[in-house]
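Q: I'd like to ask you about the structure that follows.
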Amino acid sequence: MLSLKYIRENREWVEKVAKGKNIEVDIDKLLELDDRLKKLQVKIDKLRHERKLLAKQKFTEGLREKGKKIKEELKKLEAEYEEVKKERDEIWKRVPNVVYKEVPFGKDENDNVEIKRWGEIPKFDFKPRSHIELGERWDIIDFKRGSKVSGFRGYFLKKELAVLHMALLWWAFQKLVAKGYTPFTAPAIVKGFTLFGCGQFPWGERETYVLNDKDAYLAGTAEQPITSYYANEVLSWKELPKKFVAISPCFRREAGAHGKDTRGIYRLHEFWKVEQVIIAPADDEKARELHEELQKNTEEIWQELKIPYRVLLMCTGDMGEPQAKKYDTEAWMPGRGGWGEVASNSIMTDFQARRLNIRYKDKDGKTKFVYTLNDTAVPSPRALIAIIENYQQKDGSIKVPEVLQPLVGFGKIPSGRF
């Protein structure tokens, strides 16, 4: 979250960005409540001091009565303080992060800026089939039984596609490990503080699966448990930046996506993802440098898969509340006749760190909040859409990208093995 000091000193900018992110937040009320808290605190501190002085004096009936009045007044003021604080914090936690100056202001996805394209969009000498048609033809995706067993958006990956799914995740995971990223498998069940800390709460509560256990939720991405790994800890500047690659199942209710991509494996309630997370020093230029590193890692994956993609600089209206700058990577998906998002790369500055209380001591011994960044390495099965549809052949068979063939043990689907 933003510090109240920053909000006071940059009020117009905070309000402008909030509006740009399509978020309504009453900054006037927030600062008014904070002023009330400060005044109440002064009164409380004064009464507590008086009570201390009374305790040092010789007991008399008059002092007892005076002490009683102070106690009653304190109780009243402390109750008022808690009420005002609760009201203030409800507004404060809904103030989004500000953005970097290079981020375009815009209303929605139509105002994003394409900054790069790579690869040639394939030209087929036949009518290309969708991943749904190909999946059903070769019995490698089962939507009917997936829905029967799991419900809406349920699916089974089968035979060659199940193998390809695992190979893709493992291949991407190994690539990041080879680059020096510390490997993790991340828990899918997380506590509420992780979701608040990463900015999923309060804005994305509708998208989150709540479990029956007390304070237990299903994570929507490994970003949430991995970023929270050092919550309430103080690191050393010598340790930074810390770079992680995590693999985990991901769960999203997609409550706000009714009617969107209801068929196929593009928008799902559960999927797998290899995620990159960096904990960095509080330095904007270093953050930009690391942001580009994350982007390069993701692009290398799609280049080695030889699948066309584009990169978008996201506008304020199409980026998340905690993000200061965001790139989306979109792969070409013939079945959609367009691009499909396969990665989101974000600088969060110290927004998440303040909520999670992750700090470090710099070279001068000064304690600061860290910066956090995250980017998708590869999501599956969404990434499989791009592979299936771009590598399809006229006879309906599907070639396997060369980089994955050694892992799967076959060069095309159907392979004749299953």
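Q: Give me His291, His269 sorted ascending by neighbouring Cβ count inside 10 Å, so fewest comes first. Write out the running numbers ahead of the final one.
A: Details: His291 22, His269 17.
So the ranking, lowest neighbour count to highest, is His269, His291.
Q: When the Cα centres of the range 1-33 and the range 336-390 are compared, how far apart do they sit, in Å?
A: Spelled out, the Cα-based centre of one part sits 24 Å from the other.
Q: With charges only on Cβ, +1 for K and R and -1 for D and E, what is the dipole size of the chain about its Cα centre, in debye, rounded to 20? Working shown, then result.
A: On the way: 77 positive and 66 negative charges, 270 e Å.
With Lys and Arg at +1 and Asp and Glu at -1, about 1300 debye.
Q: Note down the relative contact order for the range 302-370 as a percent, whole number, built from C-alpha pairs under 8 angstrom at least six residues apart. Display every interim value, and only then the final one.
A: Values: 97 pairs, mean separation 15.8, N = 69.
Rounded, it is 23 percent for the range 302-370.
Q: Another question, if that's okay. Leaving out same-chain residues fewer than 8 places away, which aspartates and glutamates sit with a Cα under 16 Å from that of Lys75?
A: Partners found: Asp45, Glu50, Glu65, Glu83.
Q: Within the chain, what percent of beta bridges assigned by DSSP are antiparallel, to the nearest 5?
A: DSSP beta bridges in the chain are roughly 90 percent antiparallel.
Q: Counting only Cα, what are the radius of gyration and maximum Cα-Cα distance Dmax of the range 1-81, in Å?
A: Cα-based Rg and Dmax for the range 1-81 come out at 19.8, 63 Å.
Q: Quick one: if the Förster radius is 35 Å, what FRET efficiency do Asp215 and Ala79 give, using the C-beta to C-beta distance and rounding to 0.05?
A: Values: r = 26 Å, r/R0 = 0.74.
E(calc), rounded to 0.05, equals 0.85.
Q: Going by how many other Cβ atoms sit within 10 Å of their own, how do Tyr371, Tyr309, Tyr266 line up, fewest first?
A: Values: Tyr371 27, Tyr309 23, Tyr266 20.
Least to most surrounded, the residues fall as Tyr266, Tyr309, Tyr371.
Q: According to the square roots a ≥ b ≥ c of the eigenvalues of the Cα gyration tensor, what is the shape class of the range 87-138, taking rounded for a/c under 1.5, prolate for a/b larger than b/c otherwise, and oblate for the remainder?
A: On the way: a/c = 4.85, a/b = 2.07, b/c = 2.35.
Here the range 87-138 falls in the oblate category.
Q: Another question, then. Students often get this wrong, so try it: which of (1) 21.9; (2) 25.1; (3) 24.0 is mean projected area of the Cα convex hull in nm² as calculated from the structure shown?
A: Label of the calculated value: (2).
Q: Using only helices, what value at 222 nm comes out for the chain when you add -39,500 (n - 2.57) per DSSP H run of length 4 or more and divide by the total residues, to the nearest 500 deg cm²/dmol?
A: On the way: 13 runs with 165 residues, N = 418.
Computed ellipticity for the chain at 222 nm equals -12500 deg cm²/dmol.
Q: A 23 angstrom limit on the alpha carbon distance is what I want to check against. Which of Lys242/Lys361; Lys29/Lys93; Lys159/Lys273; Lys101/Lys366; Lys238/Lys325 exceed it? Please report the intermediate quantities before stating the final value.
A: Numbers: Lys242/Lys361 14 Å; Lys29/Lys93 13 Å; Lys159/Lys273 20 Å; Lys101/Lys366 27 Å; Lys238/Lys325 26 Å.
Distance filter (> 23 Å) returns Lys101/Lys366; Lys238/Lys325.
Where a number appears in this text, it was derived from the coordinates with a stated rule and is not lab data. Source: prediction; values computed, not measured. Don't worry about glycine lacking a Cβ; one is built from the backbone with ideal geometry, like all the others, and counts go over all protein chains shown.
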